[in-house]
Amino acid sequence: MQRSNDDWFVIFTPVSLGELQSIHIWHDNYGTNPDWYCQQIIVTEVRSNKVWVFEVEQWFSIRVSTRNIEHTIYISNSKINWKKETRKNFEMGIRENHLWASVFIR
C-alpha cells in the first residue's frame, strides 16, 4: 500500500460472506513511516452482487491521537453525503485521467 493510492484486493471464498456487520483491520506498524489513513472500505460479493460500505475515516498510528493500529469498523447505514462524494469523485477523476495533476495531488 502506498500513500494516496486506491488499493484493491480480490479474495476468493468457497461460501457466501453472509451479511456483514463489521470488519476488523490492523497493521503491524512496520517501516520507516508506518502511519496510514484509511478513508473507506468497500466490500463487494460478486456472487450475490451485494455491496457493503464501511466509512473508516481513521488513522492507523501509534503516534496520532487515536494511538491505535487496529480498528473495528461497523457498516455505514447513514445517508450519502453528496458534497463529500462529489468532491471525492472529482479528485479521483483528475488523479486518474491527468498525469501532471496526479503528481501534485499525490
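The values are calculated or read from the model by the stated rules, or taken from the named source; none is laboratory data. Fair warning: this is a prediction, and the values are worked out from it, not measured in the lab. Areas reflect the complete protein model, heavy atoms only, side chains present, ligands, DNA and RNA absent. Shrake-Rupley method; radii C 1.70, N 1.55, O 1.52, S 1.80 Å.
With the structure loaded, tell me whether residue 26 is closer than 22 Å to residue 88 by Cα and open to solvent by 90 Å² or more (accessible area, probe 1.4 Å) or whether it fails that test.
When the stated conditions are applied, residue 26 does not pass them.
Taking the options 48, 76, name whichever one is within 22 Å of residue 20 (Cα to Cα), among the hydroxyl-bearing types (Ser, Thr, Tyr) and modelled with pLDDT under 85.
Selected residue: 76, the only one of 48, 76 that is within 22 Å of residue 20 (Cα to Cα), among the hydroxyl-bearing types (Ser, Thr, Tyr) and modelled with pLDDT under 85.
When residues of segment 29-43 are filtered for being open to solvent by less than 50 Å² (accessible area, probe 1.4 Å) and not hydrophobic (A, V, I, L, M, F, W, C), how many remain?
So the answer is 4.
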